[in-house]
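Engineer: Sharing a structure, written as structure tokens. Questions coming.
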Protein chains: 2
Amino acid sequence: MLPGLHIKASTGESILIDAGEGTQLQLSKAEISINRIDAILITHMHGDHVFGLPGLLENMSLTGRTKPLLIIGPRGLDDYLVNSFQSTYFAPRYKLYYLRVRGFGSTNIGKLRIEWFPACHTVEAYGYKVVYYKRPKLSKEKLAKKGLYNNPLTSTLLEKGRIKYKGKTITLEEVMKEPGREYCIAYTGDTAPCTWVLEAVSRCDLLFHEATFASDHQYEAWAYGHSTAGDAALIAREAGVGKLVLYHYSTRYKENYNVLLEEARNVFLHTELGADLAEYTV
Amino acid sequence: MLPGLHIKASTGESILIDAGEGTQLQLSKAEISINRIDAILITHMHGDHVFGLPGLLENMSLTGRTKPLLIIGPRGLDDYLVNSFQSTYFAPRYKLYYLRVRGFGSTNIGKLRIEWFPACHTVEAYGYKVVYYKRPKLSKEKLAKKGLYNNPLTSTLLEKGRIKYKGKTITLEEVMKEPGREYCIAYTGDTAPCTWVLEAVSRCDLLFHEATFASDHQYEAWAYGHSTAGDAALIAREAGVGKLVLYHYSTRYKENYNVLLEEARNVFLHTELGADLAEYTV
């Protein structure tokens, strides 16, 4: 099947990355409501990543969507959609916002931060990071000692890291029970092994890295802007991610995808093979 | 599923009508080779009839197609494809011919004649007829009596209906064992009940007529350029077709499509419900 990822945050946000033909069907199989999706992120303008988008957007309208939708993607995506809409006599009944990505950048969707970074493919391409910042937990006891328990100043403390209270500076660390941390999921899209990707995905909990080939096709992989399973594992190891999920396999390996898995695990043990409708929790 | 029809002629021609999203998957399930398809006929430019086309054309190229492909369809189809190709960095490696339909007309594909006729929908729309002419069979005995057995003049006789031989006019009827006849399959695309359709499909062996609604939604059907099952059956009866196959049902009937079948059979007995991957032989 064509690659794509749906991210459902515990805080409610629903994000789709890439929309090849048949994405609607897969979303329906996974019982994901298309009209709850907040944003669709497109990695690059190759058909296997966007041909499912016009139908998806149209079906949202037909099934009564009123919630605005944010589309994030590279140059050309807006023209593609507008042309497609015009050719097929369609206009969405909901508001459709478009954000063109360039270089590195980020935007917020609800409580999530979406970051994009360039990938190394044959055409302009981006990877995405979806980041959730879990705030530090404060200690009731430590707060009480400072006379701050149930005091509205604690939210300022959480936000700024320090406050002045009764003439004293109180830092977050002094009253913290558990530090805050970022949870991060990264998705490379199509890419050859790429220093931009390496830097961007550093220390992510979960990395979806494409692995089109095994190292028996190393040259072919790089020539066509793709990675081998070994390349993906090296990126994962160097970036210090928590877990690597491979995807976007060439059908030449369909008899035995384990070739890819073994190659990657020799380099980075915490590797899994992505699969249609598979679910991962961070 | 989205509507579409594949016609495989005993003489080898392979014709696809309409290409909604997921058409490739259905063709693959039906074990129809996409690279044997000679022509794709598009009824109208609504997304559920064309969104599968760019991916199909791209996949033909990726899987090594070299045979030219003929695309037949209404105004806007060429722009739609060119825009889609440009947006996704794609150019087919095979020759792609485009024939824009207008009003009534026909073209030949191998031994088949393709005819188009306007339908009555909310946007410019066409139905198609695929016609195969089976030549008359000549009687060896009758030919022998006229001294024409194994004579190359018989092909002229078949073609023109009469020849002059040894000063006499000989007509086809005089030496015929079995008359020729046309086999015809008609496909309406989306349409309200429509006199153009009625005339065009006259005496066809097999008519695929859309039946979006039952007569409980008669007004809604016509208002949106669709037919009820009863409308379709009336067209079938008046046109004197051999068999009617209903398709393009509204999902509101998904619990009980037999409502549509019964309504149609009350008017025209030789009616069937079309179904995904169903096959019909003429």
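The values are calculated or read from the model by the stated rules, or taken from the named source; none is laboratory data. Only a predicted model underlies this, so the values are computations on that prediction, with no experimental measurement involved. Cβ sites come from the backbone with ideal geometry, for glycine too, and all protein chains shown count toward neighbours.
Engineer: Considering only the stretch B:144-202, state which residues are part of a helix (DSSP H, G or I) and hydrophobic (A, V, I, L, M, F, W, C). Quick ask: steps written out before the conclusion?
Structural biologist: Step one: of the stretch B:144-202, the residues part of a helix (DSSP H, G or I) are B:144-145, B:153-160, B:172-175, B:195-200.
Across the stretch B:144-202, the qualifying residues are B:ALA144, B:LEU153, B:LEU157, B:LEU158, B:LEU172, B:VAL175, B:TRP196, B:VAL197, B:LEU198, B:ALA200.
Engineer: I'm told A:GLY225 meets every condition in (1) modelled with pLDDT under 95; (2) at positive phi except one. Can you identify the failing condition by its number?
Structural biologist: (1) is the only condition that A:GLY225 fails.
Engineer: Collect the residues in the stretch B:174-192 that are touching a helix residue (DSSP H, G or I) at 6+ places or on another chain (Cβ under 8 Å) and at pLDDT 95 or above, keeping them in residue-number order.
Structural biologist: Matches in the stretch B:174-192: B:ALA186, B:THR188, B:GLY189, B:ASP190, B:THR191, B:ALA192.
Engineer: Please return the ranges of helices (runs of 4 or more DSSP H) entirely within the stretch A:1-94 where 2 or more residues are touching a Phe, Trp or Tyr at 6+ places or on another chain (Cβ under 7 Å) and on the phi < 0 side of the Ramachandran plot.
Structural biologist: Helices (runs of 4 or more DSSP H) meeting the threshold: A:47-50, A:53-62, A:77-87.
Engineer: Right, next: Being crowded, with 21+ Cβ neighbours inside 10 Å, under 18 Å from A:ALA91 (Cβ atoms) and either free of Cβ contacts under 8 Å to residues at least 12 places away in the same chain or at the interface with chain B (Cβ under 10 Å from one of its Cβ atoms) (or both), is that true of even one residue in the stretch A:16-28?
Structural biologist: No, the stretch A:16-28 contains no residue that is crowded, with 21+ Cβ neighbours inside 10 Å, under 18 Å from A:ALA91 (Cβ atoms) and either free of Cβ contacts under 8 Å to residues at least 12 places away in the same chain or at the interface with chain B (Cβ under 10 Å from one of its Cβ atoms) (or both).
Engineer: Tell me which of these B:ASP79 doesn't satisfy, since it passes every other one: (1) out of contact with any Asp or Glu (no Cβ under 9 Å at 6 or more places or on another chain); (2) among the charged types (D, E, K, R); (3) within 14 Å of chain A (Cβ to nearest Cβ); (4) buried (at least 18 other Cβ atoms within 10 Å of the Cβ).
Structural biologist: Status for B:ASP79: all satisfied but (4).
Engineer: Can you tell which of B:THR88, B:THR43 is at the interface with another protein chain (Cβ under 9 Å from one of its Cβ atoms) and β-branched (Val, Ile, Thr)?
Structural biologist: B:THR88
Engineer: Separate question: Which of the residues belonging to the stretch B:244-264 are modelled with pLDDT of 95 or more, of a type in the set (D, E, K, R) and surrounded by fewer than 18 Cβ atoms within 10 Å (Cβ to Cβ)?
Structural biologist: B:GLU262
Engineer: Hey, another quick one. Hey, any hits in the stretch B:49-72 for a residue that's surrounded by 22 or more Cβ atoms within 10 Å (Cβ to Cβ), within 10 Å of another protein chain (Cβ to nearest Cβ) and touching a residue at least 60 places away in the same chain (Cβ under 8 Å)?
Structural biologist: Yes, the stretch B:49-72 has at least one match.
Engineer: Considering only residues that are touching a Ser or Thr at 6+ places or on another chain (Cβ under 8 Å) and either within 14 Å of chain A (Cβ to nearest Cβ) or under 20 Å from B:HIS49 (Cβ atoms) (or both), which ones fall in the stretch B:92-107?
Structural biologist: Within the stretch B:92-107, B:PRO92, B:LEU99 meet the criteria.
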